[in-house]
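One structure is given here, and the rest of the page talks about it.
The values are calculated or read from the model by the stated rules, or taken from the named source; none is laboratory data. All figures in this text were calculated on a predicted structure; none of them were measured in a lab. Note that each Cβ is placed from the backbone with ideal geometry, even for glycine, and that neighbours are counted across all protein chains shown. The area values use the complete protein model at the heavy-atom level, side chains included, leaving out ligands, DNA and RNA. Shrake-Rupley method; radii C 1.70, N 1.55, O 1.52, S 1.80 Å.
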Amino acid sequence: MKKLVLGGNDAVAYAVKQSRVDVVSAYPITPQTSIIEKVASFIAKGEINTKFIRVESEHSAMAAAMGASASGSRVFTATSSQGLLLMHEVLHWAAGAGLPIVMANANRAVAPPWSIWAEQTDSLSQRDTGWIQLYASNSQEVYDLVFIAFRLAEASLTPVMICMDGFLLTHTKEPVEVFDNEIDEFISYKPERDILDVDKPKAFGALAFPKDYMPIRIKQHEKMLGSIDKFKTIADEFSLISKRSYGPIYQYGNENAKLAIVVSGSISETAHLSVDALNDEGIPSKLVKITMFRPFPKEALKKSLDGVDKIVVFDRNISMGKGGIFKDEIVGSLGLGNVVGVVCGLGGYDVNDMDIKETAKSVFEGKIKQDTILWGEK
Amino acid sequence: MIIPTQEIMQPNHLACPGCGAALAMRYALKALGRKTIIVIPACCWTVINGPWGKNYAGVPVFHTAFETTAAVAAGIRTSLEAQGKNDITVMGWAGDGGTFDIGLQALSGAAERNDDIIYVCYDNEAYMNTGIQRSSATPVGAETTTTPAPLLKDRPKKDLMEIVAAHSVPYIASATIAYPTDFIKKFEKAKSKRGFKLIHIFSPCPPGHKFAENKTIDVSKLAVETGIFPLYEIEDGVYKINKKPKFRPIEEYLSLQGRFKNIPKEQMRAIEEAIQMKWQRLQAKAEYLK
């Protein structure tokens, strides 16, 4: 292992290089582009044997990825924002067909107005496509999650999307511990799966009447729920190699917290400081970061939020006419009444540790009772 | 030539009686053999190939989204190459809606990249699977449920072969089931060539074109003999006409089909003029682009 200074996109490209990916199919879009540029340069230099399909749109990127995966290859793609939205239809196809594709999504706001900066509304709009979603909070996580994602996708026969905040994560360089060949055995394991095979001529995805369709969907749902445990098992195996542990959620701070700050993505890094400050001020607080969003880590969150007086969810996303999406999911899943949602940081709007701290404190002290918006310095 | 006796496509498929597309697949697979993988988007063949658990094509089939045929086929091809499996033919098999309209972008992308696939459009000149709505392959004067009389289709059919030819691909051909040896030869040629191949099949549809189900071959044949659907190839940019039309009166073709029953006389003449113009251009290309 060695330490390199990498942005999130570089970290993804490195991990893809080390993951023995057979086929990459991708289209450039800001701020994802440097991932596929880097992969292309690895191929050009002969450092990897990956085939690269230079498609004419994100829609075709996912369609080609689907064809490649259905015929037995390990496949990667990357996208962002409008590109992800263009893929929407094919995301359902890939998940419904049980294809273990791994995709990195650079979380970016959606137009209009045009914005190239961070926001999670793009990936959260894909919530119901049947993809496992993992949210990274720093470049190290991005790097590690690529390996875990391939193993998880192949074990669950479900595609995995790794989400990382645009620019804040994709382009900010930080030290990342990368493997030499310690990861080879972990990543070389590929389970047998049903693929297009001329010796076994089956049809995949044919018309299903209601009596067939519903059991297929229920099975897919159960497979998805089962991937929580698979994630834990694979992450444990990964931690033996990396000494870094992952789970559906991550916690930091006071174990007997009365106040919980719940976040996802890069705000998690900032919120560490806020939690430290709150604990210093005598408010027992903790940070809960949601890493696995689909399937929803209900049990882990329940355990974590049990006994906490006040919960504040910071959402860098918005469902128009409702509010922050993670907040809504937590309330809906756990049936809690002590949760306040804070929409913040849309379209790359700055979110700093002091503002998070002050907002959470106001909620704790009962000064903020309703869902709100964090403006910070206007 | 002898038509291969081997039957890969199986009986009991769900095509309508007299379906041109069913016969087209049967011939195509005779030519291509069992080492073929097919991609099928939303189209009549989604139904013809049978419901969940069935596969009447007899070779692996991947059902996919309407506009993704060429991209999925490209993905399969690339994946097979990555695995060193170079003896398998990958065929996209789409209708005119999925080719001329919604799938055109992916088709253009695969053609431009020269992906090593055979893209087949079985063209029944309308959205037949959803119940006969116009497509951009519907000819002038045809009645469909979205162009009901007197609002008949008033724009000419898109020229798919020429659009794909503009991508400089190795092989493009038109074919129809009334000429099975020509049809099979073209699929064999397509199989033998590396790179992007397009085969445009005229595929008569009894319920859509409104003719008796025993007239499919007659309609196919008349489309060629009237000059409406010329049989030709473009091989590495070289044009070759496979059959000189007899230029039989257009009425013979149109009167067989209920979809043209409301066509005004002047539109009929316009079709004749268009046939002649297309023919002259084709002949000129065959002459100069040898």
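Here are the numbers:
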read-out: Total formal charge among the other residues, if their Cβ is under 15 angstrom from that of B:Pro60, Lys/Arg +1 and Asp/Glu -1; value: +4
read-out: Calculated [θ] (222 nm, deg cm²/dmol) that DSSP helices of n ≥ 4 give over chain B, each run adding -39,500 (n - 2.57); value: -10500 deg cm²/dmol
read-out: Nearest-0.05 FRET efficiency for B:Ser255 and B:Trp279, computed from C-beta distance (R0 22 Å); value: 0.55
read-out: Along chain A, longest interval not containing exposed GluC sites (Glu not before Pro), exposed being DSSP loop plus at most 13 other Cβ atoms within 10 Å; value: A:48-181
read-out: Value of D in µm² per second that Stokes-Einstein yields for the range A:2-242, Kirkwood Rh from Cα pairs, at 20 °C (1.002 mPa s); value: 119 µm²/s
read-out: DSSP beta bridges in the range A:2-242 [antiparallel fraction, %, rounded to 5]; value: 20 percent
read-out: About the Cα centre, charge dipole magnitude for chain B (Lys/Arg +1, Asp/Glu -1 at Cβ), debye; value: 440 debye
read-out: For the range A:233-378, Kirkwood radius (reciprocal of mean inverse C-alpha pair distance, Å); value: 15.4 Å
read-out: Stokes-Einstein translational diffusion, chain B - Kirkwood Rh over all Cα pairs, 1.002 mPa s, 20 °C, in µm²/s; value: 113 µm²/s
read-out: For the protein assembly as shown, share of DSSP beta bridges that run antiparallel, in % to the nearest 5; value: 25 percent
read-out: Point-charge dipole on Cβ atoms (K/R +1, D/E -1) for the protein assembly as shown, about Cα centre, debye to 20; value: 2100 debye
read-out: Sequence-distant residues sharing a close amide H with B:Tyr232 (under 5 Å, placed H); value: B:Ser174, B:Asn242
read-out: Where trypsin sites (Lys or Arg not before Pro) fall in DSSP loop in the range B:178-214, at most 12 other Cβ within 10 Å; value: B:Arg194
read-out: Mean Kyte hydropathy of -1.0 or more with a Cα span along the axis of at least 30 Å, helices from DSSP in chain A; value: A:210-242
read-out: Computed [θ] at 222 nm, helices only, for chain A once each DSSP H run of length n ≥ 4 contributes -39500 (n - 2.57); value: -13000 deg cm²/dmol
read-out: Accessible area expressed per residue, the protein assembly as shown, with surrounding protein chains retained (probe 1.4 Å, Å²); value: 39 Å²
read-out: Sites A:Ser188 and B:Lys85 - FRET efficiency at Förster radius 22 Å, r taken between beta-carbons, to 0.05; value: 0.65
read-out: Heavy-atom accessible area order for B:His200, A:His171, largest first, 1.4 Å probe; value: A:His171, B:His200
read-out: Loop-exposed chymotrypsin sites (Phe, Trp or Tyr not before Pro) per DSSP, neighbour cap 13 Cβ within 10 angstrom, longest uninterrupted part of chain A; value: A:190-374
read-out: FRET E, pair B:Ala286, B:Met1, Förster distance 25 Å, beta-carbon r, rounded to 0.05; value: 0.65
read-out: Compactness of the range A:290-361 as Cα Rg over 2.2 N^0.38 Å, two decimals; value: 1.12
read-out: The protein assembly as shown: Cα Rg divided by the 2.2 N^0.38 Å rule of thumb; value: 1.10
read-out: Computed lengthening from A:Lys369 to A:Asn279, 0.36 nm per intervening residue step minus Cα-Cα distance; value: 30.3 nm
read-out: Residue of A:Asn317, A:Asn105, A:Asn181 that the Gaussian network model of chain A assigns the largest fluctuation, springs spanning Cα pairs under 10 Å; value: A:Asn181
read-out: Local electrostatic count at A:Lys310 - Lys and Arg +1, Asp and Glu -1, tallied over other residues with Cβ under 12 Å; value: +3
read-out: In sequence order, calculated HN-Hα J values of the range B:146-160 (Karplus, 6.51, -1.76, 1.60; Hz; x Gly/Pro); value: 9, 10, x, 4, x, 8, 5, 3, 10, 10, x, 4, 4, 8, 4
read-out: Distance between modelled label sites at A:Ser333 and B:Lys193, nm, 7 Å Cα→Cβ extension; value: 5.4 nm
read-out: Evaluated over the range B:1-85, the Cα radius of gyration and Dmax, each in Å; value: 13.6, 41
read-out: About the Cα centre, charge dipole magnitude for the range A:3-110 (Lys/Arg +1, Asp/Glu -1 at Cβ), debye; value: 340 debye
read-out: DSSP beta bridge pairing in the range A:249-373, given as percent antiparallel to the nearest 5; value: 25 percent
read-out: Selected from A:Lys211, A:Lys45, A:Lys322 as most flexible by GNM, with chain A as the system and alpha-carbon contacts under 10 Å; value: A:Lys211
read-out: Once exposed loop GluC sites (Glu not before Pro) are cut out (DSSP; at most 16 other Cβ, 10 Å), longest piece of chain B; value: B:8-212
